[in-house]
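Student: Dumping the structure here so I can ask a few things about it.
The values are calculated or read from the model by the stated rules, or taken from the named source; none is laboratory data. Please read these numbers as outputs of a predicted model, since none were measured by experiment. All Cβ positions, even for glycine, are placed from backbone atoms using ideal geometry, and neighbour counts span all protein chains on display.
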Amino acid sequence: GDSVTQTEGLVTLTKGLPVMLNCTYQTTYSPFLFWYVQHLNEAPKLLLKSSTDNKRTEHQGFYATLHKSSSSFHLQKSSVQLSDSALYFCALIGNNYAQGLTFGLGTRVSVFP
Amino acid sequence: EAGVTQSPRYAVLQEGQAVSFWCDPISGHDTLYWYQQPRDQGPQLLVYFRDEAVIDNSQLPSDRFSAVRPKGTNSTLKIQSAKQGDTATYLCASGSGNNNQAPLFGEGTRLSVL
């Protein structure tokens, strides 16, 4: 079945530094990838969704590129802010739609002044 | 457009009590998901509908949990006899049949079982 792997459980960094959160996936079908962000005591909110292979998508300063050759959709930001402290989930839908939306375990990002 | 609406926002129960959660998806969305999210963990799929049909309920504890979506719109998730281990936030999400449309979440119901 479909699966998503996020290798970092916790990322801590100082405001203004760049960040990259890893996301790799497995699916038999053509994938659609998403990043969701979840702030404390809130529901997950959509941050980014994938476009075509090797095309970068951007939103609110975050960006990611779907690379089917390496089955990856890493999330990046060039300069983090205190408000970026949150849980970040990578998620996948395979285009057969059999498994619906599959989440990775999540990466907690903590940004310090 | 209106988002996904869930109620209640909070529920506190004693073990053995029953509870129902209600979800009103975004109008026109044919897919609906129920997730369980324990504290500090990721969302775990319980059940997934397309219209009124159950597509995947393999992770739904069938002895105590049930979910319906009779008209392919609103959905109800019920826990028949709650256990302390059911303490979690229950999230509903809806999406369209077009795979490029990301499912969107409601605010969730935070359940505490004492």
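Student: Within segment B:31-59, how many residues are among the β-branched types (Val, Ile, Thr) and within 15 Å of residue B:21 (Cβ to Cβ)?
Tutor: The qualifying residues number 1.
Student: Looking at segment B:89-114, I want the residues that are assigned to a strand (DSSP E or B) and have a partner that is modelled with pLDDT of 95 or more and among the acidic types (Asp, Glu) with Cβ atoms under 8 Å, at least 6 apart or on another chain. Which pairs are those?
Tutor: From residues that are assigned to a strand (DSSP E or B), the pairs are B:111/B:86; B:113/B:15; B:113/B:86.
Student: Given the criterion at the interface with chain A (Cβ under 10 Å from one of its Cβ atoms), surrounded by fewer than 21 Cβ atoms within 10 Å (Cβ to Cβ) and part of a loop (DSSP other than H, G, I, E, B), identify the matching residue among B:41, B:17.
Tutor: Exactly one of B:41, B:17 is at the interface with chain A (Cβ under 10 Å from one of its Cβ atoms), surrounded by fewer than 21 Cβ atoms within 10 Å (Cβ to Cβ) and part of a loop (DSSP other than H, G, I, E, B), namely B:41.
Student: Here's another thing I want to ask about it. Please state which one of B:26, B:79 is touching an Asp or Glu at 6+ places or on another chain (Cβ under 7 Å), on the phi < 0 side of the Ramachandran plot and modelled with pLDDT under 95.
Tutor: Just one listed residue meets the conditions, B:26.
Student: Further question on the same structure: Which members of segment A:59-113 meet the condition of being assigned to a strand (DSSP E or B), hydroxyl-bearing (Ser, Thr, Tyr) and farther than 15 Å from residue A:47 by Cα?
Tutor: Residues satisfying the conditions are A:72, A:102, A:110.
Student: Ok, one more. Could you tell me which of the residues B:11, B:67 is among the aliphatic types (A, V, I, L, M) and either surrounded by fewer than 19 Cβ atoms within 10 Å (Cβ to Cβ) or part of a loop (DSSP other than H, G, I, E, B) (or both)?
Tutor: Testing whether each residue is among the aliphatic types (A, V, I, L, M) and either surrounded by fewer than 19 Cβ atoms within 10 Å (Cβ to Cβ) or part of a loop (DSSP other than H, G, I, E, B) (or both) leaves just B:11.
Student: Determine which member of the set B:36, B:80 is more than 14 Å from chain A (Cβ to nearest Cβ), polar (S, T, N, Q) and in contact (Cβ under 8 Å) with a residue 12 or more places away in the chain.
Tutor: B:80
Student: Right, here's the next one. Could you list, in sequence order, the residues of segment A:5-32 that are surrounded by 15 or more Cβ atoms within 10 Å (Cβ to Cβ), in a strand (DSSP E or B) and at pLDDT below 95?
Tutor: Correct list: A:31, A:32.
Student: Where the second residue is of a type in the set (Lys, Arg) and the first is more than 9 Å from chain B (Cβ to nearest Cβ) and lies in segment A:33-49, which pairs have Cβ atoms under 6 Å and are six or more apart or on separate chains?
Tutor: From residues that are more than 9 Å from chain B (Cβ to nearest Cβ), the pairs are A:37/A:45.
Student: While we're on this one: Given the conditions (1) on the phi < 0 side of the Ramachandran plot; (2) more than 14 Å from chain A (Cβ to nearest Cβ); (3) not in a helix (DSSP H, G or I), which single one is not true for residue B:72?
Tutor: (1)
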